[in-house]
Amino acid sequence: MRKLHVSAPTKLFVLGEHAVVYDGRAIVTAVDARLHLIIRHEETEAGELEIHAPDVGLHHWQTNLADTLQKTDFSGESSFIESCLAVFNREVPLSGKFYIQTQSNFDPILGIGSSSATVAATLFALAQLFAPQITSMQLFEMGLEAIRAVQQKIGSGADLAAAIMGGTVYYVNQSPRQITALEIQSLPMVSVYSGKKAPTVSYVQQVKQLRDQHPAVVDPIIQTMLTIVDDGRDVINAGNWEALGRLMNIQHGLLHALGVDTPWLAAVVMAAREAGAFGAKLSGAGGGDCAVVLIENEKRVALAESLASIRREILPYELHASGVREES
Ligand code: PMV
């Protein structure tokens with residue numbers, strides 16, 4: 001029996017959410033709220049798969065391995081892990097008994113990317129066990145296929161890029177997809193939960209619908225967002241946080257224009273600006289989940305006080321965290 005323990009980070013969008021969906025670009029940072037995965041594999045005659053993922057309500061869930069490997073349609077809590085096994089199996093045939101256990105050190109309600117972390121961790125673990133020559137970029141391509149099989153072809157892959165590479169990445173969602181690590185030591189950014197969970201897929205569809213209804217209005221907004229992403233990459237590389245803060249504020253305004261801001265997110269953004277942040281914006285699809293705040297360390301106490309007045313707090317997770325990795 002072989003056993004491996006790996007972990008993958010979650011993510012937050014620095015810039016470019018929604019715009020990245022339309023063959024666009026985004027800047028995403030890995031978050032040290034990690035998903036841990038332990039995989040055990042035994043060479044047995046009969047193929048079997050058992051998943052224990054109490055965070056998503058799976059308790060010693062079992063199936064025949066062959067059934068999973070043949071699937072193209074996935075539903076339920078085991079979807080992402082099953083989809084990864086099916087995709088991996090097309091490159092490297094799998095057999096035997098798999099026991100996969102996951103556990104995260106964050107609340108899934110935060111909406112910061114537990115599915116991309118699950119996919120990164122599952123594929124990385126499989127690669128370590130069966131095909132260590134597989135590159136990060138190959139893992140990324142497999143992971144994107146696995147995610148899109150579950151999410152009805154929705155998913156830019158930006159979250160997965162951060163989960164696999166770690167740090168803060170500039171991601172280009174065009175063929176061939178490109179992931180560039182930004183050369184910074186740290187990112188003076190924190191995250192805040194808005195108090196409400198949001199379903200990503202329905203907000204992506206909502207923005208798509210708005211774009212179909214008003215292409216002449218929405219397309220220029222998306223183009224401006226992409227300019228913001230490219231300028232953002234340059235100012236991050238130059239360590240110019242004032243400029244990045246301004247760009248984040250503009251990006252938030254454009255996301256508001258696309259209809260994905262909420263009173264809860266807006267309250268966090270305003271509280272952050274009152275506390276003297278360089279900038280603040282919602283992160284991800286919107287409708288709830290988290291906001292990101294770019295702020296100097298010395299101002300974090302003021303930020304915490306400002307957030308307390310709206311009953312919110314800074315989340316205790318480091319950003320610009322390491323990517324998927326083996327744990328000892
Ligand atoms: O809501 P999140 O954190 O899963 O982010 C979604 C980001 C979008 O750009 C709206 C969609 C995507 O696939 O990139």
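Laboratory data are not the source of any read-out in this text; all were calculated from the coordinates shown. On a predicted model such as this, the values are computed, not experimentally measured, just so you know. Backbone-built Cβ (ideal geometry, glycine too); neighbour counts: all protein chains shown.
Quick notes on this one:
- Over segment 248-328, equivalent-ellipsoid semi-axes from the Cα gyration tensor in Å: 22, 18, 12
- The GNM of the chain, with springs linking C-alpha atoms under 10 angstrom apart, assigns the highest mean-square fluctuation among 260, 169, 229 to 260.
- Cα pair count fraction exceeding 32 Å, expressed as % - the chain: 28 percent
- Cross-link table 153/197; 153/281; 3/97, entries beyond 18 Å C-alpha to C-alpha: 153/197; 153/281
- The mean sequence separation of alpha-carbon pairs under 8 Å and at least six residues apart, normalised by the residue count of segment 27-153, gives a relative contact order of 34 percent.
- Degrees, to the nearest 10: 263-274 long Cα axis against longest axis of the chain: 60 degrees
- Ranked for footprinting exposure by Cβ neighbours inside 10 Å, fewest first, 252, 52 give 52, 252.
- Residue-span extension gain [residue 91 to residue 55] - 0.36 nm each, minus C-alpha spacing: 10.0 nm
- Annotation: the residues 299, 153, sorted from fewest to most other C-beta atoms within 10 Å of their own C-beta, follow the order 153, 299.
- Residue 184-residue 63 pseudo-label distance in nm [points 7 Å out on the Cα-to-Cβ vector]: 4.0 nm
- Solvent-free Debye scattering, log10 I(q)/I(0), computed from the Cα coordinates of segment 155-279 at q = 0.13, 0.14, 0.22 Å⁻¹: -0.63, -0.75, -1.63
- The chain, relative contact order [Cα under 8 Å, separation at least 6], %: 26 percent
- Candidates 201, 293, 14: whichever shows maximal mean-square fluctuation once the chain is modelled as a Gaussian network with Cα springs under 10 Å: 201
- For the chain, a Gaussian network of Cα nodes joined below 10 Å ranks 270, 142, 248 by mean-square fluctuation, and the top entry is 270.
- Angstrom value of the Kirkwood radius, inverse mean 1/r, which spans all Cα pairs in segment 162-236: 15.3 Å
- Spin-label model, residue 205/residue 138: points 7 Å from Cα along the beta carbon direction are separated by 3.6 nm.
- Coordinate range along principal axes, alpha carbons of segment 1-115, Å, largest first: 49, 30, 24
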